[in-house]
1. What spacing in nm lies between the two simple spin-label points modelled at Thr26 and Arg106, each 7 Å away from Cα in the Cβ direction?
2. With +1 on the Cβ of every Lys and Arg and -1 on the Cβ of every Asp and Glu, and nothing else charged, how large is the dipole of the stretch 1-42 about its Cα centre, in debye rounded to the nearest 20?
3. What net charge is computed for the residues neighbouring Ala30, neighbours being all others with C-beta under 10 Å from the C-beta of Ala30, Lys and Arg scored +1, Asp and Glu -1?
4. Please sort by residue number the chymotrypsin sites (Phe, Trp or Tyr not before Pro) in the stretch 45-138 whose DSSP state is loop and whose Cβ has at most 10 other Cβ atoms within 10 Å.
5. Please state the relative contact order of the chain as a whole percent: Cα pairs under 8 Å, 6+ residues apart?
6. Compute the convex hull volume of the Cα atoms of the chain, divide it by the residue count, and report the result per residue in Å³ as a whole number.
7. How large is the dipole of the chain about the Cα centre if only Lys and Arg carry +1 and Asp and Glu carry -1, each at its Cβ, rounded to the nearest 20 debye?
8. Exactly which trypsin sites (Lys or Arg not before Pro) in the stretch 98-150 are in a DSSP loop and have at most 11 other Cβ atoms within 10 Å?
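Just so it is clear, none of the values below were taken in a lab; they were calculated from the coordinates. Since we're looking at a predicted model, the values are computed, not measured. Counting neighbours? That spans all protein chains shown, and the Cβs are built from the backbone with ideal geometry, glycine included.
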Amino acid sequence: MQDRKRYYIFGIIDDYSRLAYVEVITAINAANVTRAFFHSLQFFLAHGINPERVMTDNGVEFTTFTSQKAKRTHFFETMLNIVGVGHTYTRPYHPQSNGKIERFWRILLNECILYLNFGQTLDTLSSELNGFLYRYNYQRRHGSLNYSTPLDCLHAVTELLK
């Protein structure tokens, strides 16, 4: 990056449709992750998905396990309580329990990040990620979805529920 800062990618994926959301954040902390999750919530709601539960790893940006009181007052946990979304944690050191997002990270790496020019600005990086996300959600066919796109999968569910 031109400004020599580190950037991180927050990502979340719908368990059923594989619809994904990513956002560039400047630090891995509760405030940035909470803000990015709130933006992802707006994205999913716009697609007709009302998340009931979120699964995260056990990072300090998501939870504090030191006590029940600390857990209740954690920034991310508080936001989840306000919006009515439950919280499930993966088993420590067991990425397989969050396999769908782990697979997404591998696809993101192979189809986008490896091709980035790391002299880019934050805006350019965000633009490249948005382009990837558009292809991933609306054009790319997924083997795990019987070669449908996540959007096609959402439309199929909507039709079934009518």
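1. So the two model labels end up 3.4 nm from each other.
2. Working: 5 positive and 4 negative charges, 49 e Å.
So the dipole magnitude of the stretch 1-42 works out to roughly 240 debye.
3. -1
4. Loop-located and lightly packed - Tyr93, Phe118.
5. Dividing the mean separation by the residue count of the chain yields 24 percent.
6. Convex hull of Cα atoms, per residue: 127 Å³.
7. About 280 debye.
8. Here the trypsin sites (Lys or Arg not before Pro) that fit, given the DSSP loop and packing criteria, are Arg141.
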